[in-house]
Amino acid sequence: MPNRKPLLDDNDQFLPEVQKALLEIFDKFDLDKDGKLNNAELDAFAVASNGEPFDDASLNDLFANFDNDKGKLTKDGFLDMFHLQTLSDEDETYKDLEKHGYSF
């Protein structure tokens with residue numbers, strides 16, 4: 001899309017403002033403020049992002065592939081999830097950011 005700012009730098013790392021936006025999104029859904037997203041918090045995030053909660057297979061994939069603490073997705077896991085998504089489908093990350101009020 002025209003006029004979009006990049007999300008990643010030349011080393012494929014999030015630009016600071018993108019990482020800040022993602023962490024703000026994480027914090028918005030971390031209702032108990034424990035630094036991790038439990039299943040209910042992940043479902044709220046998924047509904048806000050995509051209109052429906054994660055199914056069991058998606059949750060299992062999240063916990064199998066991204067940093068978590070006893071079934072709660074950590075901030076690092078959340079960032080890694082978005083990093084992988086951005087590398088494979090940058091448009092989806094732009095859409096997610098826009099749904100949460102950010103534009104790049």
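Using a cut-off of 24 Å between alpha-carbon atoms, which lysines can reach K36, once sequence neighbours fewer than 8 places away in the same chain are excluded?
Cα-Cα hits under 24 Å: K20, K28, K70, K72, K75, K95, K99.
On a 0 to 90° scale, report how tilted helix 90-99 is relative to the longest principal axis of the chain, with both axes built from alpha carbons and the result rounded to the nearest 10.
Taking Cα atoms only, the helix is inclined about 70 degrees.
Within the range 1-86, which trypsin sites (Lys or Arg not before Pro) sit in a loop by DSSP and count at most 11 neighbouring Cβ atoms inside 10 Å?
Listed in order of number, the matching sites are R4, K33, K70.
Just subtract the alpha-carbon distance of N11 and S88 from 0.36 nm times their residue separation and send over the number in nm, one decimal.
Separation in residues times 0.36 nm, less the Cα-Cα distance, equals 26.2 nm.
What is the extension gain from D67 to A40, computed as 0.36 nm multiplied by their sequence separation minus the C-alpha to C-alpha distance, in nm to one decimal?
Extending this stretch completely gives an extra 8.0 nm.
Over the chain, what relative contact order in percent results from Cα pairs under 8 Å that are six or more residues apart?
So the answer I get is 27 percent.
Report which label in (1) 1.86; (2) 1.23; (3) 1.03 holds the value of Cα Rg over 2.2 N^0.38 Å derived from the coordinates of this structure.
(3)
Identify which of D12, D67, D27 has the largest mean-square fluctuation in a Gaussian network model of the chain, with springs joining Cα atoms closer than 10 Å.
Maximum among the listed residues: D12.
Quick one: helix 56-65 against the long Cα principal axis of the chain, what's the angle to the nearest 10°, folded into 0 to 90?
It works out to around 70 degrees.
If you fit an axis through the alpha-carbon atoms of helix 75-88 and take the longest principal axis of the Cα set of the chain, what angle between them do you get, 0 to 90°, nearest 10?
50 degrees
Coordinate-derived values only; no laboratory data. The shown structure was predicted, so the numbers you read here are calculated from the model rather than taken from an experiment. Cβ sites come from the backbone with ideal geometry, for glycine too, and all protein chains shown count toward neighbours.
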